[in-house]
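A.B. asks: Got a structure for you, written out below as structure tokens; questions coming shortly.
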Amino acid sequence: MKRSISALAGVVLLAVGLVSCGGDDSATTTNAPSTDVATSEAPATDAPATDAPAVEGVLNVPADYPTIQEAVDAAVEGDLILIAPGTYNEAVQVTTNNIVIRGLDRNTVILDGNFELDNGIRVVGANGVALENMTAMNYTKNGFFWTGVTGYRGDYLTAWRNGDYGVYVFDSVGGVLDHSYGAGSPDAGVYVGECYPCDSLINHFVSEHNGLGYSGTNSGGNMIIVNSIFRRNRAGVVPNSGSYELCYPERKTTIIGNLVYDNNQPDTPAIDVAILAMGNGILSAGGVQNIIERNRVWNHNKTGIGLVPFLEEDPNDSMPEKTAWDTTCADSKKLMPVQPDGALLWDSQDTTVRGNVLEDNRRADIAVGSAGTDLWTLGNCFEGNTFTTSAPLDLEKLAPCGSPLSKDAGDWTAGDLNVITWLVDAETAPPSVDWKTATLPDMPVLESMPNAATAAAVPASATPPAIDLDAITVPDKID
Amino acid sequence: MKISLVSSIVVSAVLLVSCGADSPESAVTTTIATVPPNGESITIQVLDNSYRPSEYEIKAGTEVVFENRGRNDHNILPDTITDDAGLTALLASDMSPAAWGVPSTAFTPGDSFTHLFNVPGVYKFYCSIHGAPGAGMYGTLTVS
């Protein structure tokens, strides 16, 4: 018997009249986020080359091995698998630690699932695997997928029109996703979930025309999202909590220096949560202790930055006490669940929203809401943002950073956010579009990895590179 | 005496299907003694993308209920099986204790799958969508 939530959560794949969104995604950035997008069409893929010279530790595909999988199976730690331009109809599985799989050209090394294969490349339990400089498209699940690993890296990856996520990182720690792109997935273009501390960095990522630009369920702890672009998804950046995955709640995600705009896109594939979250830029759905700073966020039908609850109707465990929020994911997995009597309301708490620049977010530029919890008890604070509207009104006066919040700071009910109405909105929102046929912008030609043919193979480190967060400024507007 | 618990149901068969190194039996010609239901039942939550608990010890004759309480499809495959099709073929051709599991088509969110583990052994399983044997989404049931 299906539970009601599962019925709601079912991905509805409906073919509807498609609205073209054009291919106007040429973008020139003048600040940190790199759009990685050019307007010309991708060159036609050549037949795989076969004349690569043999070099010790380098396994050439198809010169040495006709398929990527055969090269992966032959590889030992430290090897580099170098893939010549061509189309590879493979679902590659990696179980060998510390190998590097690299395409010679990001735009012409294409793994194509033909709408039948599940994942472009799936790394299962293999630590330190780096994937570089290639495209994965038309997979029924994910373009690129790491699970259960320590140390991962994805550089110059393009995930295009895949049936679940573009780039999917689950139960994995110590990683970097850099200069990568995800488009056309019903869930998220990029996802990092079930990790604490994640020790992970998303940098220079472009995510568009997905259900969610970014999703991170129960992730956090040195989880950093910077210098990236989330646009034209149903919803932009959505860290979230829920007991349908382990290691709750989502906490301590840092979101700085990103461009987040136009996330009202009605013609994307979308899971139910994406439809529910539609029209929001950065939406913390039950996340706690997050830092949202110096982002530029504009043009959303609901909120620019919203801190809202996530209602879990049929939870699998009780909500952890605040004192347990710092429990590592590894330790929390050892705990047996205690089934609560009813639904859980994961409130967003103790989050700092500071120094963002927001405009034209129709419900409110900055907002905090709940469904019964007194807002001044949640510990969220707002300061130094450039904005016009807030919910409740005068939010920066009601909830300043650096001092305890008070019921008496003002009228918390004036102009407050009624998130319950979003449930109603979701019922009438444009339904999901079949991911196989959804209209997408022309596939962009994206920046390739420099010196892909000659660069040394460097397996992924479990320690992401340090980022000078203080040096990141609000990026300039584009488009 | 333990033997008294053994059911009169005795399967005499040539079991050609392995359930891995720690399986109840593998590639043997033997008599498998099954234990009748003991009235006990446990539930394993199947979340996105984990089995909880992922390791558990039960007595033979215990019923195990797997509940898909996540938001995604999952499957439960013995470690020797590579995909849903392989499981379907196994279930159609093999009546041994090694032949158990549920394909993803029958295990969508909200679905449950119940199996009586009535032969002692170590049963390793995984979800082929989100893991591999011993990695990602996997679990072990030890039946004593």
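Yes/no per residue for (1) more than 24 Å from A:M278 (Cβ to Cβ); (2) outside any loop (DSSP other than H, G, I, E, B); (3) touching a Pro at 6+ places or on another chain (Cβ under 9 Å); (4) modelled with pLDDT of 95 or more:
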| position | (1), (2), (3), (4) |
| --- | --- |
| A:F382 | no, yes, yes, yes |
| A:T388 | no, no, no, yes |
| A:P400 | yes, no, no, yes |
| A:A426 | no, yes, no, yes |
| A:M443 | yes, no, no, no |
| A:P450 | yes, no, no, yes |
| A:A453 | yes, no, no, yes |
| A:P459 | yes, no, no, yes |
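A.B. asks: Okay, moving on. If I go through the stretch B:94-122 residue by residue, how many of them are within 12 Å of chain A (Cβ to nearest Cβ) and surrounded by fewer than 21 Cβ atoms within 10 Å (Cβ to Cβ)?
C.D. replies: Quick first cut of the stretch B:94-122, residues within 12 Å of chain A (Cβ to nearest Cβ) only: B:104, B:107-112.
Those left that are additionally surrounded by fewer than 21 Cβ atoms within 10 Å (Cβ to Cβ): B:104, B:108, B:110, B:112.
Counting residues in the stretch B:94-122 that are within 12 Å of chain A (Cβ to nearest Cβ) and surrounded by fewer than 21 Cβ atoms within 10 Å (Cβ to Cβ) gives 4.
A.B. asks: Here is a further query. Which strands (runs of 3 or more DSSP E) does the stretch A:293-363 wholly contain that include 1 or more residues that are within 14 Å of chain B (Cβ to nearest Cβ) and over 23 Å from the mean Cα position of the chain (by Cα)? Show your work before the answer.
C.D. replies: Values: elements: A:296-300, A:303-308, A:310-312, A:344-346, A:352-354, A:357-361.
Because the criterion is at least 1 residues that are within 14 Å of chain B (Cβ to nearest Cβ) and over 23 Å from the mean Cα position of the chain (by Cα), the strands (runs of 3 or more DSSP E) in the stretch A:293-363 that meet it are A:344-346.
A.B. asks: I would also like to ask the following. Looking for something under 30 Å from A:Q339 (Cα atoms), among the small types (G, A, S) and modelled with pLDDT of 95 or more - is there at least one such residue anywhere in the stretch A:249-268? Write out each step before concluding.
C.D. replies: Residues of the stretch A:249-268 under 30 Å from A:Q339 (Cα atoms): A:249-253.
When the remaining residues are screened for being among the small types (G, A, S), the result is none.
The answer is no, given that none of the residues of the stretch A:249-268 is under 30 Å from A:Q339 (Cα atoms), among the small types (G, A, S) and modelled with pLDDT of 95 or more.
A.B. asks: Within the stretch B:53-75, which residues are within 15 Å of the chain's Cα centre (by Cα), over 13 Å from B:S104 (Cα atoms) and not aliphatic (A, V, I, L, M)?
C.D. replies: B:P53, B:S54, B:E55, B:Y56, B:E57, B:K59, B:G61, B:T62, B:E63 - these are the residues of the stretch B:53-75 that are within 15 Å of the chain's Cα centre (by Cα), over 13 Å from B:S104 (Cα atoms) and not aliphatic (A, V, I, L, M).
A.B. asks: Identify the residue in the stretch A:331-364 that is without any contact (Cβ under 8 Å) to a residue 40 or more places away in the chain and either farther than 24 Å from A:N316 by Cβ or charged (D, E, K, R) (or both) and, among all such residues, is surrounded by the fewest Cβ atoms within 10 Å (Cβ to Cβ).
C.D. replies: Within the stretch A:331-364, the match that is surrounded by the fewest Cβ atoms within 10 Å (Cβ to Cβ) is A:D341.
A.B. asks: Within the stretch B:68-87, track down each residue that is in a loop (DSSP other than H, G, I, E, B), farther than 12 Å from B:G131 by Cα, within 13 Å of another protein chain (Cβ to nearest Cβ) and not acidic (D, E).
C.D. replies: Initially, the stretch B:68-87 is screened for residues in a loop (DSSP other than H, G, I, E, B), giving B:69-75, B:79-83.
This time we only want the ones that are farther than 12 Å from B:G131 by Cα, so: B:69-73, B:80-81.
Those left that are additionally within 13 Å of another protein chain (Cβ to nearest Cβ): B:69-73.
B:R69, B:G70, B:R71, B:N72 - these are the residues of the stretch B:68-87 that are in a loop (DSSP other than H, G, I, E, B), farther than 12 Å from B:G131 by Cα, within 13 Å of another protein chain (Cβ to nearest Cβ) and not acidic (D, E).
A.B. asks: So is B:L116 under 10 Å from the mean Cα position of the chain (by Cα), part of a strand (DSSP E or B) and more than 26 Å from A:G148 (Cα to Cα) or not? Give the steps one after another, and end with the answer.
C.D. replies: Working: under 10 Å from the mean Cα position of the chain (by Cα): yes; part of a strand (DSSP E or B): yes; more than 26 Å from A:G148 (Cα to Cα): yes.
Here the answer is yes, as B:L116 does meet what is asked.
A.B. asks: Test B:P78 against the stated conditions and say whether it is touching a Cys at 6+ places or on another chain (Cβ under 8 Å), modelled with pLDDT of 95 or more and buried (at least 21 other Cβ atoms within 10 Å of the Cβ). It would help to see each step written out before you state the result.
C.D. replies: Details: touching a Cys at 6+ places or on another chain (Cβ under 8 Å): yes; modelled with pLDDT of 95 or more: yes; buried (at least 21 other Cβ atoms within 10 Å of the Cβ): yes.
So B:P78 passes the test.
A.B. asks: I would also like to ask the following. B:R52: without any contact (Cβ under 8 Å) to a residue 12 or more places away in the chain, within 14 Å of another protein chain (Cβ to nearest Cβ) and charged (D, E, K, R), yes or no? Can you show your working first?
C.D. replies: Values: without any contact (Cβ under 8 Å) to a residue 12 or more places away in the chain: yes; within 14 Å of another protein chain (Cβ to nearest Cβ): yes; charged (D, E, K, R): yes.
Spelling it out, B:R52 is indeed without any contact (Cβ under 8 Å) to a residue 12 or more places away in the chain, within 14 Å of another protein chain (Cβ to nearest Cβ) and charged (D, E, K, R).
Table: residues versus (1) small (G, A, S); (2) closer than 30 Å to A:A343 by Cα; (3) at pLDDT below 95.
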residue: A:F144; (1), (2), (3): no, no, no
residue: A:S172; (1), (2), (3): yes, yes, no
residue: A:S180; (1), (2), (3): yes, no, no
residue: A:A188; (1), (2), (3): yes, yes, no
residue: A:F205; (1), (2), (3): no, no, no
residue: A:S228; (1), (2), (3): yes, no, no
residue: A:Y244; (1), (2), (3): no, yes, no
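Conditions (1) closer than 19 Å to A:T158 by Cα; (2) of a type in the set (S, T, N, Q); (3) in a loop (DSSP other than H, G, I, E, B), marked per residue:
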residue: A:A71; (1), (2), (3): no, no, no
residue: A:V76; (1), (2), (3): no, no, yes
residue: A:E90; (1), (2), (3): yes, no, yes
residue: A:R106; (1), (2), (3): yes, no, yes
residue: A:N114; (1), (2), (3): yes, yes, yes
residue: A:N127; (1), (2), (3): no, yes, yes
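A.B. asks: Could you say which residue among A:I68, A:I121, A:I81, A:I101 is over 22 Å from B:G136 (Cα atoms), of a type in the set (V, I, T) and modelled with pLDDT of 95 or more?
C.D. replies: On the way: A:I68 fails: over 22 Å from B:G136 (Cα atoms); A:I121 fails: over 22 Å from B:G136 (Cα atoms); A:I101 fails: over 22 Å from B:G136 (Cα atoms).
Among A:I68, A:I121, A:I81, A:I101, only A:I81 is over 22 Å from B:G136 (Cα atoms), of a type in the set (V, I, T) and modelled with pLDDT of 95 or more.
A.B. asks: In the stretch A:265-278, what count of residues is obtained for those that are in contact with a strand residue (DSSP E or B) (Cβ under 6 Å, 6 or more places away or on another chain) and surrounded by fewer than 24 Cβ atoms within 10 Å (Cβ to Cβ)?
C.D. replies: 1
A.B. asks: Let me ask you something else. In the stretch A:144-165, what count of residues is obtained for those that are small (G, A, S) and within 29 Å of A:D331 (Cα to Cα)? Break it down stepwise before answering.
C.D. replies: To start, the set of residues in the stretch A:144-165 that are small (G, A, S) comprises A:148, A:151, A:154, A:159, A:163.
Those left that are additionally within 29 Å of A:D331 (Cα to Cα): A:148, A:151, A:154.
The number of residues fulfilling the criteria is 3.
A.B. asks: Scan (1) away from chain B (no Cβ under 14 Å); (2) more than 20 Å from the chain's Cα centre (by Cα) for the single condition A:Q289 breaks and write down its number.
C.D. replies: Of everything listed in (1) away from chain B (no Cβ under 14 Å); (2) more than 20 Å from the chain's Cα centre (by Cα), A:Q289 misses just condition (2).
Let's see how each residue does on (1) without any contact (Cβ under 8 Å) to a residue 60 or more places away in the chain; (2) more than 15 Å from the chain's Cα centre (by Cα):
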| residue | (1), (2) |
| --- | --- |
| A:S215 | yes, no |
| A:I225 | yes, no |
| A:N233 | yes, no |
| A:Y248 | no, yes |
| A:K252 | yes, yes |
| A:I255 | yes, no |
| A:V260 | yes, no |
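A.B. asks: Taking into account only those residues within the stretch A:99-151 that are of a type in the set (D, E, K, R) and without any contact (Cβ under 8 Å) to a residue 60 or more places away in the chain, which is farthest from the other protein chains (Cβ to nearest Cβ)?
C.D. replies: First pass over the stretch A:99-151, keeping only residues of a type in the set (D, E, K, R): A:102, A:105-106, A:112, A:116, A:118, A:122, A:132, A:141.
With without any contact (Cβ under 8 Å) to a residue 60 or more places away in the chain added as a condition, the list becomes A:112, A:116, A:118, A:122, A:141.
Values: A:D112: 20, A:E116: 13, A:D118: 7, A:R122: 8, A:K141: 7 Å.
Here the residue is A:D112.
Residue by residue, here is whether (1) of a type in the set (D, E, K, R); (2) closer than 22 Å to A:A136 by Cβ; (3) free of Cβ contacts under 8 Å to residues at least 12 places away in the same chain holds:
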position: A:G402; (1), (2), (3): no, no, no
position: A:D408; (1), (2), (3): yes, no, yes
position: A:P441; (1), (2), (3): no, yes, no
position: A:L469; (1), (2), (3): no, no, no
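A.B. asks: Taking the condition of being surrounded by fewer than 24 Cβ atoms within 10 Å (Cβ to Cβ) and either within 14 Å of another protein chain (Cβ to nearest Cβ) or under 22 Å from the mean Cα position of the chain (by Cα) (or both), how many residues in the stretch A:71-91 meet it?
C.D. replies: 2
A.B. asks: Further question: If I ask for residues that are outside any strand (DSSP E or B), surrounded by fewer than 24 Cβ atoms within 10 Å (Cβ to Cβ) and not acidic (D, E), which ones from the stretch A:192-211 would you list?
C.D. replies: Filtering the stretch A:192-211 for residues outside any strand (DSSP E or B) gives A:194, A:196-199, A:209-211.
Those still in the list that are surrounded by fewer than 24 Cβ atoms within 10 Å (Cβ to Cβ) too: A:197, A:199.
Hit for the stretch A:192-211 is A:P197, nothing else.
A.B. asks: Which condition does A:A136 not pass, out of (1) in contact with a Pro (Cβ under 9 Å, 6 or more places away or on another chain); (2) in a strand (DSSP E or B); (3) closer than 21 Å to A:T268 by Cβ, if it passes all the others?
C.D. replies: Result: A:A136 passes all but (1).
The values are calculated or read from the model by the stated rules, or taken from the named source; none is laboratory data. If you're wondering where the values come from, they're calculated on a predicted model, not measured in any experiment. For neighbour counting, all protein chains shown are included, and Cβ atoms are generated from backbone atoms with ideal geometry for every residue, glycine included.
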